[in-house]
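Peer 1: Sharing a structure below in structure tokens format, with a few things to ask.
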């Protein structure tokens, strides 16, 4: 693959890949700075509910104010882009309508917005790259199949942990290794009851949104990432929420292995995470039965086996996202997509909640996400995490109780709910 050569050629020809971005928060704005220093790929238009954010981002990379056009009209946006100007808009659904935009990156983290943007991109045969993994684990299977029929690419981003884990998985399987466990490091133990209030001080120090930080602290983000890995690879959650042992890098291939070999797994072929000194890296625990390959692995300083750790010590999130964009446009390839229903992230109450109460979104005070095997979640009639925000409690539920079809009604007016209803009609 000669991605750099392709991009340099497009730059020389004056034909860069034109990217639209939805959501100009921490991840989205970071991606814009990367595309600004790349050859052959430009962020041409940004949609955000607060226009000050995309305006400030474009100005930080040196775009003069007179070269930034504010519009919600597709024709005006297209004309501006063709003349080399940048565009900002409040209308996320404008981007799929602009013919000269090659791909759209969705970076809001809001499941309903992500579902709408992806749907309209695919209807317009426009590639869509999801930094919004929350949407992917809710309706990604339907969106991927829809994109295949439309002749465009739907994909989760390179750089996010599911994407880099999938790269390790593919590397291992191409070479014929068994993947015993695939996972990520988490830099702190889960605090299921974290809220924006408890996260605020740390969030301010890190220049983060407190709600976003709370979604990391309460484990929801980790559960979403592992579910995406499971649905893309067929590897399963060994236990609800994963084991999450405190294992450092040197111990991963002793801990996240089957119980009969001294580990914690009840089976082979799982997704999990570690709170030891592994973050921000990702890993695959692999095995082989070939004695000569074992000998070679020992020669290459991979240890004595029977399990070996492949480790990537970093994931660069939005910094790597343009690679997923370029591969979609140039090669028609995806980084990670759901291949089936393997895992589901279900909502669990953070506190006692009352009948009639409307529920806050991800990272709020009301629920956290926990990963289950899809069959377990379905048997319990659990509510997918991505359908929880804005819904209503049908009866009182207690702290740590699962949201189910008996005690909770999602907001049926949301587009993501309607898309999930369609996904649930697909053959298992």
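Peer 1: Just to be sure, is residue 271 part of a strand (DSSP E or B) and within 18 Å of residue 182 (Cα to Cα)?
Peer 2: So residue 271 passes the test.
Peer 1: If you scan the range 64-91, which residues turn out to be buried (at least 23 other Cβ atoms within 10 Å of the Cβ) and closer than 21 Å to residue 415 by Cβ?
Peer 2: Answer for the range 64-91, where residues must be buried (at least 23 other Cβ atoms within 10 Å of the Cβ) and closer than 21 Å to residue 415 by Cβ: just 89.
Peer 1: Name the one entry in 400, 366 that is surrounded by fewer than 16 Cβ atoms within 10 Å (Cβ to Cβ) and in contact with a strand residue (DSSP E or B) (Cβ under 7 Å, 6 or more places away or on another chain).
Peer 2: Result: 400 is the single residue among 400, 366 that is surrounded by fewer than 16 Cβ atoms within 10 Å (Cβ to Cβ) and in contact with a strand residue (DSSP E or B) (Cβ under 7 Å, 6 or more places away or on another chain).
Matching residues to (1) at pLDDT below 95; (2) in the same structural domain as residue 133 (by TED's automatic domain parsing); (3) in contact with a helix residue (DSSP H, G or I) (Cβ under 6 Å, 6 or more places away or on another chain):
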site: 325; (1), (2), (3): no, yes, no
site: 337; (1), (2), (3): no, no, yes
site: 366; (1), (2), (3): no, no, no
site: 388; (1), (2), (3): no, no, no
site: 392; (1), (2), (3): no, no, no
site: 400; (1), (2), (3): no, no, no
site: 410; (1), (2), (3): no, no, yes
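Peer 1: Here is a follow-up. Can residue 187 be described as surrounded by fewer than 20 Cβ atoms within 10 Å (Cβ to Cβ), touching a helix residue (DSSP H, G or I) at 6+ places or on another chain (Cβ under 6 Å) and under 22 Å from residue 237 (Cα atoms)?
Peer 2: no
Peer 1: Scanning for something under 24 Å from residue 327 (Cβ atoms) and in contact with a strand residue (DSSP E or B) (Cβ under 7 Å, 6 or more places away or on another chain), does the range 63-80 turn up at least one residue?
Peer 2: Among the residues of the range 63-80, not one is under 24 Å from residue 327 (Cβ atoms) and in contact with a strand residue (DSSP E or B) (Cβ under 7 Å, 6 or more places away or on another chain), which makes the answer no.
Peer 1: Could you tell me whether the range 253-264 includes any residue that is part of a helix (DSSP H, G or I) and touching a helix residue (DSSP H, G or I) at 6+ places or on another chain (Cβ under 6 Å)?
Peer 2: no
Peer 1: Let me ask you something else. Filter the range 81-109 down to residues that are closer than 19 Å to residue 317 by Cβ and either at pLDDT 95 or above or out of contact with any helix residue (DSSP H, G or I) (no Cβ under 8 Å at 6 or more places or on another chain) (or both), then give me how many there are.
Peer 2: 6
Peer 1: For the subset of the range 356-382 comprising residues that are assigned to a strand (DSSP E or B) and over 15 Å from residue 404 (Cβ atoms), which member is farthest from the chain's Cα centre (by Cα)?
Peer 2: 358
Peer 1: If only one of 280, 245, 240 is in a loop (DSSP other than H, G, I, E, B) and within 17 Å of residue 166 (Cα to Cα), which one is it? Break it down into steps so the answer makes sense when it comes.
Peer 2: Working: 245 fails: within 17 Å of residue 166 (Cα to Cα); 240 fails: within 17 Å of residue 166 (Cα to Cα).
The match here is 280.
Peer 1: Next up: Answer yes or no: is there a residue in the range 286-299 that is buried (at least 22 other Cβ atoms within 10 Å of the Cβ), within 20 Å of residue 177 (Cα to Cα) and touching a strand residue (DSSP E or B) at 6+ places or on another chain (Cβ under 7 Å). Explain how you work it out, then say what you get.
Peer 2: If we filter the range 286-299 for residues that are buried (at least 22 other Cβ atoms within 10 Å of the Cβ), which is where we start, we get 286.
Going one step further and asking which of them are within 20 Å of residue 177 (Cα to Cα), we end up with 286.
Within this subset, residues satisfying the condition of being touching a strand residue (DSSP E or B) at 6+ places or on another chain (Cβ under 7 Å) are 286.
Taking every residue of the range 286-299 in turn, at least one turns out to be buried (at least 22 other Cβ atoms within 10 Å of the Cβ), within 20 Å of residue 177 (Cα to Cα) and touching a strand residue (DSSP E or B) at 6+ places or on another chain (Cβ under 7 Å).
Peer 1: Another question about this same structure. Hey, can you tell me all the residues within the range 309-346 that are without any contact (Cβ under 8 Å) to a residue 60 or more places away in the chain and part of a strand (DSSP E or B)? Working first, answer last.
Peer 2: If we filter the range 309-346 for residues that are without any contact (Cβ under 8 Å) to a residue 60 or more places away in the chain, which is where we start, we get 313-314, 346.
The one that is without any contact (Cβ under 8 Å) to a residue 60 or more places away in the chain and part of a strand (DSSP E or B): 346.
The values are calculated or read from the model by the stated rules, or taken from the named source; none is laboratory data. Since we're looking at a predicted model, the values are computed, not measured. Here the Cβ is made from the backbone with ideal geometry for all residues, glycine too, and neighbour counts use every protein chain on show.
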